[in-house]
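Written out below as structure tokens is the structure these notes cover.
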Amino acid sequence: MKQRVQVQKQEQEQVQISNIRFFKLLQFFKSVFQNESINIKYLNAMKNRVQLIGHVGQEPEIKNLESGRVANFTIATNENYTNAKGEKVEQTEWHRVSAWGKTVDIIEKLLTKGSHVAIEGKLTHRSYDDKDGNKRYITEVVANEMVLLSK
């Protein structure tokens, strides 16, 4: 009888410990998502968001399509660093950018080759068949905001 009571007490203690652990874990997640200023809405707004600052590599190409006007251009971004040998290295990355709607009007009026510009948009991937029937893939930034930094 004593052993049975002891086993029941041990089981109750284990359940209490499990409940306490679960409660502490629940409190931890609550604090992460509420009290420590991590705002889920803010994190959702940051999904698939690209910001680039660079120089326009070519004159923007403006096309009139059935779905509206589109501007296509490239931006070069530079990164400077020192390699393992102590040499200074400048690495340039090229980014395709397209814009639709009212942004096209701004690009058409203000953007030229060499312009220093900041853009914000989303990263997209698409494919098409070229004139030879080969499937081509493109990754580009669809810009929705643009700031001209200098001429």
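The values are calculated or read from the model by the stated rules, or taken from the named source; none is laboratory data. On a predicted model such as this, the values are computed, not experimentally measured, just so you know. All Cβ positions, even for glycine, are placed from backbone atoms using ideal geometry, and neighbour counts span all protein chains on display. Heavy atoms of the whole protein, side chains included, go into the accessibility calculation; ligands, DNA and RNA do not. Shrake-Rupley method; radii C 1.70, N 1.55, O 1.52, S 1.80 Å.
Do any residues in the range 46-62 that are under 16 Å from GLU140 (Cβ atoms) have Cβ atoms under 8 Å from those of residues that are among the aromatic types (Phe, Trp, Tyr) and surrounded by 15 or more Cβ atoms within 10 Å (Cβ to Cβ), where the two are at least six apart or on different chains, and which pairs are they?
Cβ pairs passing all conditions: VAL56/PHE73; GLY57/PHE73; GLN58/PHE73; PRO60/PHE73; GLU61/PHE73.
Output the residue which, of all residues in the range 28-51 that are hydroxyl-bearing (Ser, Thr, Tyr) and either open to solvent by less than 30 Å² (accessible area, probe 1.4 Å) or part of a loop (DSSP other than H, G, I, E, B) (or both), is modelled with the lowest pLDDT.
SER37
Give me the residue from the range 52-74 that is among the polar types (S, T, N, Q) and loosely packed, with under 11 Cβ neighbours inside 10 Å and, out of that set, nearest to ILE107 (Cα to Cα).
ASN64
Could you please give the count of residues in the range 107-137 that are surrounded by fewer than 13 Cβ atoms within 10 Å (Cβ to Cβ), more than 13 Å from PHE73 (Cβ to Cβ) and charged (D, E, K, R)?
Of the residues in that region, 8 qualify.
Please specify each residue of the range 75-106 satisfying the condition of being out of contact with any Gly (no Cβ under 6 Å at 6 or more places or on another chain), open to solvent by less than 60 Å² (accessible area, probe 1.4 Å) and closer than 15 Å to ALA143 by Cα.
Passing the criteria: HIS95, VAL97, SER98, ALA99, GLY101, THR103, VAL104.
Listed here are the residues, each with its yes/no results for (1) in contact (Cβ under 8 Å) with a residue 24 or more places away in the chain; (2) part of a helix (DSSP H, G or I); (3) under 14 Å from ILE62 (Cα atoms).
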{"position": "GLU79", "(1), (2), (3)": "no, no, no"}
{"position": "GLU93", "(1), (2), (3)": "no, no, no"}
{"position": "ILE106", "(1), (2), (3)": "yes, yes, yes"}
{"position": "TYR128", "(1), (2), (3)": "no, no, no"}
{"position": "LYS131", "(1), (2), (3)": "no, no, no"}
{"position": "GLU140", "(1), (2), (3)": "yes, no, no"}
{"position": "MET146", "(1), (2), (3)": "yes, no, no"}
